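> Got a structure for you, questions after.
None of the figures in this text is laboratory data; all of them are computed from the coordinates on show. The model shown is predicted, which means the values in this text are computed figures rather than measured ones. No Cβ is skipped: glycine too gets one built from the backbone with ideal geometry, and neighbour counts run over all protein chains shown.
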Amino acid sequence: MEQQRLEQALIRKYLLKDLDENGQENLEQRLLTDEEFLEEVSIAQSELVDEYLSDSLSAAERQNFEKHFLSTPRRLQKLQMARSLDRYLEERAGPLSTSATTAPHFPIPTRRNLTIVLSLAAVVALLMGGYVVTEVIKRRISNDKIIEAQKRRAALESELADLNHSTNGSPQGNLAVLPLTLKPILVREAGEIRNVDVFQSRSLIVLQLELTADTYESYQASLQTNDDVELAAVYDLKTMTLSNGKLLMLKLPAWLIEPGDYQVRLRGVLSGQQEDVGLFPFRITRK
């Protein structure tokens, strides 16, 4: 009995996202292999809905319920069904109570009894459709994608740091160098996007960013998609002085960047403070 009580408390914490990351993952692993446990989780879902509608949850539990438990369309639908059932029972209870002296007595169905029936039906539907399992798998796939994206960002940032802070000043290995000169545009200003054509995978894209002024100690360049999603950043960049002004060189590894539209958001650093310098949009194509 004590073990069952502890398990129910664990399931409750899982549904309210009140477990740590390891606890969540361990419980999800069990959902994939234990059908009886899957049924207990489904019943616990209905009980949480019941407690929410009857204001039996604590303030913290109610907050977690609204923030985490109602994060899927199926659970929102279950809550709406339960609310509709409550309204139906309230409407039926009124007429039956006024005619109790003349009509034969029939027990009014309680919400608890109907909730049990609905819970059993929900369990059958969940077991047949594999909804909970599907949600677990979706979350795992989503986590895998996040981890993969983090790995790609780390690899790109590491390569950017190596290329742009190399002591010998020239790219290592047998790389095709692809220069592209870019002028800054104002934030969100429409401008011409210049192309760089990559004709072999081991190519080094060298962006030559023209600056109208140079009043900063160093620069930070953020490589972004054209919808402002940052892919990587490189820090402590220095400018070069040319006859016609200042130029900042940014080397990009073409073998780590897919074809598409990108932009470099350049920020100047002065006394520890950062200021936007401008955007440098460009497009990568492959021959």
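> If I stretch the segment between R152 and T285 completely, what's the gain in nm (0.36 nm per residue apart, minus their alpha carbon distance), one decimal?
Full-extension gain reported as 45.9 nm.
> Quick one: if you stick a label point 7 Å off each Cα along the C-beta vector at D18 and L242, how many nm between them?
If labels sit at D18 and L242, their model points lie 6.3 nm apart.
> Write down Rg/Rh for the range 173-286, rounded to two decimals, with Rg from the C-alpha atoms and Rh from the Kirkwood relation over Cα pairs.
Reported Rg/Rh (Cα atoms, Kirkwood Rh): 0.95.
> Moving on to the next point. Looking at the square roots a ≥ b ≥ c of the eigenvalues of the Cα gyration tensor of the range 12-58, which shape do they give, rounded for a/c under 1.5, prolate if a/b is larger than b/c, or oblate?
Oblate, since a/c reaches 1.5 and b/c is not below a/b.
> Of the listed pairs K183/K251; K151/K287; K17/K145, which have alpha-carbon separations greater than 18 Å here?
Flagged as over cut-off: K151/K287; K17/K145.
> List every residue whose amide H lies under 5 Å from the amide H of K246, counting only residues 5 or more places away in sequence or on a different chain, with H placed 1.01 Å from N in the peptide plane.
Those qualifying (amide H under 5 Å, at least 5 residues apart or on another chain) are L211.
> How far apart, in nm, are two points set 7 Å out from the Cα along the Cα-to-Cβ line at V269 and at A213?
Here the answer is 2.1 nm between the modelled labels.
> Aspartates and glutamates near K238 by alpha-carbon distance under 19 Å, same-chain residues fewer than 8 away left out - which ones?
Filter leaves E157, E159, D162, E210, D214, E217, E275, D276.
> What distance in nm separates the two pseudo spin-label positions at T181 and R30, each 7 Å out from Cα along the beta-carbon direction?
That separation, rounded to one decimal, is 6.7 nm.
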